[in-house]
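None of the figures in this text is laboratory data; all of them are computed from the coordinates on show. From a predicted model like this one, the values you see are computed outputs, not experimental measurements. Ideal geometry is used to build each Cβ from the backbone, glycine not excepted, and the neighbour counts take in all protein chains shown.
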Amino acid sequence: MADRLAGKVAIVSGAGSRAPGVGNGRATAILFAREGAHVVLVDRVAEWAEQTLGMIADEHGDAYVVEADITTAADCQRVVDETVKRYGRIDILQNNVGIGGSGTVVDITEDLWDQVMRVNVKGMMLMSRHVIPVMAANGGGAITNVSSISSIRPRGLTPYTTSKGAVNALTIAMAVDHAAQGIRVNAILPGPVYTPMVASSGMTEDQRAARAKASPLGTEGTPWDVAWAAVFLASPEARWVTGQLLCVDGGVTLMSPARGVGDEPRR
Ligand SMILES: NC(=O)c1ccc[n+]([C@@H]2O[C@H](COP(=O)([O-])OP(=O)(O)OC[C@H]3O[C@@H](n4cnc5c(N)ncnc54)[C@H](O)[C@@H]3O)[C@@H](O)[C@H]2O)c1
């Protein structure tokens, strides 16, 4: 067990994984625990968070599950109440929940638009507004919002792209609003990492190879790449880093479309 987050209390939303394996939230929760944090695993599907708990317990880490829907204010308040009751404080919030949403403004339904905005944007706002007073009372903390490179490289996922653009704006606004309370707020913009969700979508090996080639590094990203960035941003090593939008994408966003990059949708 390392100690970059020793004794810290961290909440990770979407800490389960909708398919077997390790997604961004699960990987982040596992690394937080390995680095010595007490980790509150929030998911609307308790069973999926329990699986993460089992993985952390196998490594002798400490975690606790709260079943909650982060689009509901009462659930977010309950997450905070249960965390404070169990651990007495909150130092880290990883706003990881996000859902996809493809289509153009012409062909999407209003329901899809509303749902993507509610889950991806309102959910982060609600979790943050309930956590921040507790964090501030402890002298500060770190909030990391999981965005996407789709926020700056749109590709036919207009509801998703718009929601993640709002996450970027929310991040810089919160960074300014809460800096005086000692709270740092940053965002991670993952590229097309290979998660269980992507695996279960039936992606072929050829498609995976094309994704890998889309990055100048020529390799595919994993949820662990996202999670290590989350560890840094949550840790005291990032004490002077706030309001930043960190691409974790192997350099994909540096590439020009004219070079044939990005032939498939990115999340
Ligand atoms: N997978 C990728 O390639 C990729 C790329 C860029 C960004 N992202 C972002 O990373 C984040 C995590 O993606 P993932 O693919 O690892 O996640 P995922 O789809 O596996 O979901 C993680 C968990 O979130 C939970 N969840 C969903 N809605 C919830 C709600 N309303 N309340 C509580 N829990 C809820 C699910 O139950 C699930 O266990 C998202 O914000 C996503 O937009 C993913």
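Listed values, structure above:
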read-out: Which listed residue is at negative phi and touching a residue at least 60 places away in the same chain (Cβ under 8 Å), from ARG26, ARG34, ARG78; value: ARG26
read-out: Test for GLY165: is it at positive phi and more than 12 Å from the ligand (Cβ to nearest atom); value: no
read-out: Residue match in the range 56-64 (condition: free of Cβ contacts under 8 Å to residues at least 60 places away in the same chain, buried (at least 16 other Cβ atoms within 10 Å of the Cβ), within 26 Å of PRO196 (Cα to Cα) and aromatic (Phe, Trp, Tyr)); value: yes
read-out: Residue within the range 78-98 that is farther than 22 Å from PHE32 by Cα and in contact with a helix residue (DSSP H, G or I) (Cβ under 9 Å, 6 or more places away or on another chain) present; value: no
read-out: Residues satisfying the stated conditions in the range 50-73, i.e. among the hydrophobic types (A, V, I, L, M, F, W, C) and over 22 Å from VAL121 (Cβ atoms); value: LEU53, MET55, ILE56, ALA57, ALA63, VAL65
read-out: Test: residue in the range 186-196 that is crowded, with 23+ Cβ neighbours inside 10 Å, more than 13 Å from the ligand (Cβ to nearest atom) and not aliphatic (A, V, I, L, M); value: yes
read-out: Subset of the range 188-214 [within 24 Å of THR144 (Cα to Cα) and either of a type in the set (S, T, N, Q) or in contact with a strand residue (DSSP E or B) (Cβ under 7 Å, 6 or more places away or on another chain) (or both)]; value: ILE188, LEU189, PRO190, GLY191, THR195
read-out: Given (1) within 21 Å of THR222 (Cα to Cα); (2) touching a Ser or Thr at 6+ places or on another chain (Cβ under 7 Å); (3) within 8 Å of the ligand (Cβ to nearest atom), number of the condition GLN94 does not satisfy; value: (3)
read-out: Complete set of residues in the range 7-21 that are more than 13 Å from the chain's Cα centre (by Cα) and farther than 18 Å from LEU93 by Cβ; value: ARG18, ALA19, PRO20, GLY21
read-out: Within the range 200-238, considering residues that are more than 12 Å from the ligand (Cβ to nearest atom) and of a type in the set (Asp, Glu), the one surrounded by the most Cβ atoms within 10 Å (Cβ to Cβ); value: GLU237
read-out: Near pairs, Cβ below 6 angstrom, 6+ apart or cross-chain, from the range 223-235 (under 12 Å from ALA33 (Cα atoms) and touching a residue at least 12 places away in the same chain (Cβ under 8 Å)) to any residue that is within 16 Å of the ligand (Cβ to nearest atom) and among the hydrophobic types (A, V, I, L, M, F, W, C); value: ALA227/ALA27; ALA227/LEU31; VAL231/LEU31
read-out: Answer residue from the range 19-50, given it is of a type in the set (D, E, K, R) and assigned to a helix (DSSP H, G or I) and is surrounded by the most Cβ atoms within 10 Å (Cβ to Cβ) among those; value: ARG26
read-out: Which listed residue is under 23 Å from GLY191 (Cα atoms) and not small (Gly, Ala, Ser), from VAL12, VAL40; value: VAL12
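Here's the yes/no breakdown for (1) of a type in the set (A, V, I, L, M); (2) more than 23 Å from LEU126 (Cβ to Cβ); (3) outside any loop (DSSP other than H, G, I, E, B):
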site: ASN168; (1), (2), (3): no, no, yes
site: THR171; (1), (2), (3): no, no, yes
site: MET174; (1), (2), (3): yes, no, yes
site: PRO192; (1), (2), (3): no, yes, no
site: GLY221; (1), (2), (3): no, yes, no
site: THR253; (1), (2), (3): no, yes, yes
